[in-house]
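Each remark here refers to the structure printed beneath this line.
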Amino acid sequence: MIQQDDNLPGERDLSTMLGCSRTSLREALRVLEAEGIVIAKPGGGRYVQNVDHRLVMEYSFDEHAIHFLYGERPYYFGIVPILAETASQIGINKLEIAQASLLGQPLYLLSPLVGSVYVLIGFVGINFRDHIKFSTKYAVGSALVMIVVGIITGALSI
């Protein structure tokens, strides 16, 4: 487990240890630096500045709000239009496809395909199952709130 003030391995070694690409690792490290969890010292590598296991577990939940606001460009501009067009050919409204895409967004960080999650759970020494156990109730809860608000406001039909 990585402790506070530990010097992180280099990017190549760290990406090998975590089983992710260096591009995903760099993005995760940028986020961790912005959050004050990791600090980069010029010529001295990166150091863990703040290790609070609850913070990192909660971060994986909070990060979905950022992704909900900014969206995943390849998904929303690449995949969703294809899905919407295909669905419209069998009688499903394109708006319903868009709504379903947004309502599923809180579950994004529960996917085993998100590299930054592996970096975060690797830093604190927990396994993916513990991340799922902790985060699922919040992800599903926020999706249900979105659905209820959508129904109440008339944005979603039953």
Note to self: Step by step: first the residues of segment 107-132, then only those that are part of a loop (DSSP other than H, G, I, E, B) and over 14 Å from the mean Cα position of the chain (by Cα), then the one that is surrounded by the fewest Cβ atoms within 10 Å (Cβ to Cβ). Which residue is that?
What the structure shows: 127
Note to self: Cβ contacts < 8 Å: first residue at pLDDT below 80 and among the charged types (D, E, K, R), restricted to segment 14-37; second residue part of a helix (DSSP H, G or I) and surrounded by 14 or more Cβ atoms within 10 Å (Cβ to Cβ), any location; separation 6+ or different chain. Result?
What the structure shows: 35/59
Notebook entry, point to check: What pairs come up if the first residue lies in segment 125-140 and is among the aromatic types (Phe, Trp, Tyr), the second is exposed (fewer than 15 other Cβ atoms within 10 Å of the Cβ), and their beta carbons are under 8 Å apart, counting only those six or more places apart or on different chains?
Noted result: 128/112
Check: Taking segment 133-146, which residues are surrounded by 15 or more Cβ atoms within 10 Å (Cβ to Cβ) and either of a type outside the set (Phe, Trp, Tyr) or in contact with a Ser or Thr (Cβ under 6 Å, 6 or more places away or on another chain) (or both)?
Finding: 135, 139, 142, 143, 146
Next item on the list: Output the residues belonging to segment 1-22 that are surrounded by fewer than 11 Cβ atoms within 10 Å (Cβ to Cβ) and part of a helix (DSSP H, G or I).
Entry: 12, 13
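The values are calculated or read from the model by the stated rules, or taken from the named source; none is laboratory data. On a predicted model such as this, the values are computed, not experimentally measured, just so you know. Heads up, the Cβs are rebuilt from the backbone with ideal geometry, glycines too, and the neighbour counts pull from every protein chain shown.
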